[in-house]
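What follows is one structure encoded as C-alpha cells, with my remarks underneath.
The values are calculated or read from the model by the stated rules, or taken from the named source; none is laboratory data. Everything numeric here is computed off the predicted structure, so don't read it as measured data. No Cβ is skipped: glycine too gets one built from the backbone with ideal geometry, and neighbour counts run over all protein chains shown. These area figures cover heavy atoms from the full protein model, side chains too; ligands, DNA and RNA do not enter into them. Shrake-Rupley method; radii C 1.70, N 1.55, O 1.52, S 1.80 Å.
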Amino acid sequence: MGLVLAAALGLASAGWAGDLADLGPVPQDGLRVILLRHAQALSNLSPRPDLSPEELDHLTSLGREQAEAVGRALAPLEIDELLSSPAQRAIETTEIVAAALGLEGRVERGVRPLELGRAREGSPLSWQTRQAAWQAGRDPRPPAGESLVDLGERVRDVVQAARGAHAGGTVVLVAHSEVIGAFVGLVQEVPPPDRLDVHVANGSLSVVDADASGGLTVRSLDHRPDGP
C-alpha cells in the first residue's frame, strides 16, 4: 500500500466524530458533496440469498434502519438536492432519506454502478474478473465497460455540474462503494487499481468539498451515523 493510499484510508479514522455541522461552512461559491453509500441490501448479505438479481436489489430491514439514521443525521442541514443512482437499492435509500428531509430525490445516472463491460468474445464480465485485473495492478477499459479512472471522472462531472447549479450549497449523492471509492481515489490521486481499497460501509457518509475553481478536497470518509 503506497503512502498516498494509506493517507486516503486514514481519513476513515480521522473523520469528524460529532455532527455534520462540525465540518464548518461550505466553501464560498463552491459545493459540499455528501456521498452516501446505499444502505444494506439483500445483495450485501453473506451468504447471499438464492434470489434473482432483481430480488436482491432491495434493502434489508437493517438497511431501512440505516437509511432512517442517515435521514436523522442530515435533517439539521440545508440540503439543496438529493441525487440517486438508478439501482433500486439506492432509490429505496434515497426515498427514506428524502422523507426525513422533506425533499424529492432525483435519479442521476452519473452515479450508477461501474459498467463491467464484456470480454472480447462478447460475454459479460463478472465482478471477479474485473477484480483480478485490479489486483494485478491494471485498470483496463473493457468493451462496453469502464475503468476506475472513467468511473471517478464521471462522478467528478456530476459534482462539477452540481456546483454550477448549487453554488454555496450542499448536495447528497446516493451511490455505491466502488463509485465513492473511485471518486475519492481520484481526488486523493490514489493509483487507479487501488481505488477500491478506499472502503465505505453501507449507510456511511463521506464528504468532499469543491471550491469555487473546481478544486476538490476530501473532508471525511466513511462516517457512520448513530443507528443500528
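Here is how the numbers come out for the structure above:
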{"item": "Rg/Rh (Cα only; Kirkwood hydrodynamic radius) as it applies to the stretch 23-141", "result": "1.04"}
{"item": "Equivalent-ellipsoid semi-axes of the chain, from the Cα gyration tensor, Å, largest first", "result": "26, 22, 17"}
{"item": "Long-range HN-HN contacts of H58 with modeled amide H, under 5 Å", "result": "L42, S43"}
{"item": "Gaussian network model of the chain, springs between alpha carbon atoms under 10 Å - residue of T93, T129, T60 with greatest fluctuation", "result": "T129"}
{"item": "Quotient of Cα Rg and 2.2 N^0.38 Å for the stretch 106-148, N being how many residues it contains", "result": "1.24"}
{"item": "Relative contact order (%) - criterion: Cα under 8 Å, at least six apart; region: the stretch 126-221", "result": "24 percent"}
{"item": "10 Å Cβ shell holding at most 15 others, DSSP loop, trypsin sites (Lys or Arg not before Pro): longest site-free stretch of the chain", "result": "1-119"}
{"item": "For the stretch 168-215, projected area of the alpha-carbon convex hull averaged over all directions, nm²", "result": "3.6 nm²"}
{"item": "In Å, descending, principal axis extents of the Cα set of the stretch 144-228", "result": "38, 30, 23"}
{"item": "Mean accessible surface per residue for the stretch 65-158, computed with a 1.4 Å probe while every protein chain stays in place, in Å²", "result": "52 Å²"}
{"item": "Extension gain, S213 back to L45 (0.36 nm per residue minus Cα-Cα distance, nm)", "result": "56.4 nm"}
{"item": "The chain: calculated mean residue ellipticity at 222 nm from DSSP helix runs of at least 4, using -39500 (n - 2.57)", "result": "-11500 deg cm²/dmol"}
{"item": "Accessible-area composition of the stretch 33-182, carbon plus sulfur, in percent [1.4 Å probe]", "result": "48 percent"}
{"item": "Unit charges on C-beta of K, R, D, E only; dipole of the chain, Debye", "result": "480 debye"}
